[in-house]
């Protein structure tokens, strides 16, 4: 679990860095995966405050990814 949490931390920090550089949508992907890892860690460790905040972040990232994909389907010719 230790390495898992450090990997989630690294991915969240990369997502934050990409957001500060306006690298879209890579920032959302990194944040989504990192927050999902932290939500899982919170669940497995019975830390429900951590689980809740990261689960909500995952939902928000998911909506952002969904909107990005949905809004770009016509640009991709689909």
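A short reminder: the numbers here are calculations on the coordinates, not readings from a lab. Treat the numbers as computed from the prediction; the structure is a model and nothing was measured. Counting neighbours? That spans all protein chains shown, and the Cβs are built from the backbone with ideal geometry, glycine included.
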Original post:
Counting each DSSP H run of 4 or more residues in the chain as -39500 (n - 2.57), what helix-only mean residue ellipticity at 222 nm follows after dividing by all residues, to the nearest 500 deg cm²/dmol?
Top reply: -28000 deg cm²/dmol
Original post:
For 75, 5, 44, what ranking results if the residue with the fewest other Cβ atoms within 10 Å of its Cβ goes first?
Top reply: 75, 44, 5
Original post:
Cα centroid distance between segment 18-78 and segment 1-15, in Å?
Top reply: 14
**OP:** Going by C-beta contacts inside 10 Å, put 69, 28 in order with the fewest on the left.
**Re:** 69, 28
Original post:
Out of these labelled values of Cα Rg over 2.2 N^0.38 Å, [x] 1.38; [y] 1.20; [z] 1.51, which was calculated from the coordinates shown here?
Top reply: [y]
Subject >> Neighbour-count ranking [beta-carbon atoms within 10 angstrom, fewest first] of 1, 37 >> reply: 1, 37
